[in-house]
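Visitor: Pasting a structure here, questions to come.
The values are calculated or read from the model by the stated rules, or taken from the named source; none is laboratory data. Treat the numbers as computed from the prediction; the structure is a model and nothing was measured. Don't worry about glycine lacking a Cβ; one is built from the backbone with ideal geometry, like all the others, and counts go over all protein chains shown. Side chains are part of the model used for accessible areas, which takes the heavy atoms of the whole protein and leaves out ligands, DNA and RNA. Shrake-Rupley method; radii C 1.70, N 1.55, O 1.52, S 1.80 Å.
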Amino acid sequence: MTTHLQDTTTLHNGVKMPWFGLGVFKVEEGAELVDAVKSAIRHGYRSIDTAAIYNNETSVGQGIREALEETKLSRADLFVTSKVWNADLGYEATIAAYEASLSKLGLDYLDLYLIHWPVKGKYKEAWRALETLYKEGRVKAIGVSNFQIHHLEDVIEGAEIKPMVNQVEYHPLLSQKPLLQFCKETGIQFEAWSPLMQGQLMDNAVLKEIAAKHGKSVAQVILRWDLQNGVVTIPKSTKEHRIIENASVFDFALTETDMAHIDGLNQDQRVGPDPDNFDF
């Protein structure tokens, strides 16, 4: 049971990854993002998740540098993730994309680098590039994002190194149980993006009832559900009070009945693209 904001899961290569982090999808470059990253780190977050396509790696990097100086933490205290975009999937292009992300972030290495989407005919060459970066010690862990079971099987079949993480859309209306089970069985850490379904679940009657019972917000109940399912979660916020509130999920536990009621909300409903039918 995760009991602290800085609790970690151990990836299959021994690297420790925080269960809880800050996502920055759809947050533009600028002071608001710099402040959000600094605020998260100041309040105990140790994981920051960005991507090349978010076009905000420069501000994320600035926020990290300023926060480290302010808190006297070291780079090794943080876990930073970025992702290679579809247009850069290919052996040389993926390595170049990694260098570009590092440069924008102003970092010497990433803790986790992911293939953002499983573009058919391209992701296996990109995976080979990630394996090279990993073997050279340039990145601590490598993984994928938005990969379904068949994509994972395809990568694993020809891989020297198995993905350490699969980051996918995951929330009570899209619980992806077969994929979660597959990842658990194969030792791939499951991670949720859009855990709060971009705010669309806040008025759900079942979630509101469970939240009221525990004296918590609907968002806190969903994030606790993630953790109790063994899922790393990275809610997005730029507001300091919300960053603090989102992380206040370590002082209560959902019951088995609560968990079952939340599981029962699944409708296989996405807010993002379907990885099997996405026009890359």
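Visitor: R0 = 22 Å: FRET efficiency of F252 with L73, Cβ-based, nearest 0.05?
Guide: Once the sixth-power term is evaluated, E becomes 0.20.
Visitor: So what's the net charge close to T8: Lys and Arg +1, Asp and Glu -1, counting the other residues with Cβ under 12 Å from its Cβ?
Guide: Computed value for this residue: -1.
Visitor: Next question, about the same structure. Defining a contact as two alpha carbons under 8 Å apart and six or more residues distant in sequence, what relative contact order in percent does the chain show?
Guide: Contact order relative to length: 19 percent.
Visitor: Please compare each pair in K16/K120; K213/K239; K83/K104; K38/K104; K38/K72 to a cut-off of 21 Å on the Cα-Cα distance and tell me which ones are over it.
Guide: K16/K120; K213/K239
Visitor: Let me ask something else. Which whole-number value in Å² is the accessible area per residue of the chain, probe 1.4 Å?
Guide: That works out to 42 Å² per residue.
Visitor: Further, regarding this structure: Along the Cα→Cβ direction, 7 angstrom out, place labels at D274 and H12. What is the inter-label distance in nm?
Guide: 2.8 nm
Visitor: Just report the Cα centroid separation between segment 80-152 and segment 155-206, whole Å.
Guide: Taking the Cα centre of segment 155-206 as reference, the centre of segment 80-152 is 18 Å away.
Visitor: Please enumerate, by chain and number, the aspartates and glutamates with C-alpha under 14 Å from the C-alpha of K124, excluding those fewer than 8 residues away in the same chain.
Guide: Filter leaves D88, E92, E153, D154, E157, E160.
Visitor: Residues with beta-carbon under 14 Å from that of R65, excluding R65: net charge, scoring Lys, Arg +1 and Asp, Glu -1?
Guide: With Lys, Arg at +1 and Asp, Glu at -1, the net is -2.
Visitor: Of the heavy-atom accessible surface of the chain (probe 1.4 angstrom), what whole percent is carbon and sulfur?
Guide: Of the solvent-accessible surface of the chain, carbon and sulfur hold 48 percent.
Visitor: To the nearest 20 Debye, how big is the dipole of segment 106-182 about its Cα centre, given +1 on the beta carbon of each Lys and Arg and -1 on that of each Asp and Glu?
Guide: In total the dipole reaches around 80 debye.
Visitor: Roughly how many nanometres apart are two label points built 7 Å out from the Cα toward the Cβ at E29 and K120?
Guide: 3.5 nm
Visitor: State the antiparallel share, in %, of DSSP beta bridges confined to the chain, rounding to the nearest 5.
Guide: If I count the DSSP bridges inside the chain, around 15 percent turn out antiparallel.
Visitor: To continue, here is another question. May I ask you to list the residues of segment 150-186 whose amide nitrogen lies under 19 Å from a point 7 Å from Cα along the Cα→beta-carbon direction of Q267?
Guide: Flagged as within label range: 169-177.
Visitor: Once mean projected area of the Cα convex hull in nm² is worked out from the coordinates, which option in (1) 21.1; (2) 13.5; (3) 17.5 does it equal?
Guide: (2)
Visitor: Then there is this: Just report the Cα centroid separation between segment 207-224 and segment 5-34, whole Å.
Guide: Computed from Cα coordinates, the inter-centre distance equals 22 Å.
Visitor: Suppose the chain between E66 and K135 were pulled fully straight at 0.36 nm per residue; how much longer would it get relative to their current alpha carbon spacing?
Guide: Additional length available on full extension: 21.8 nm.
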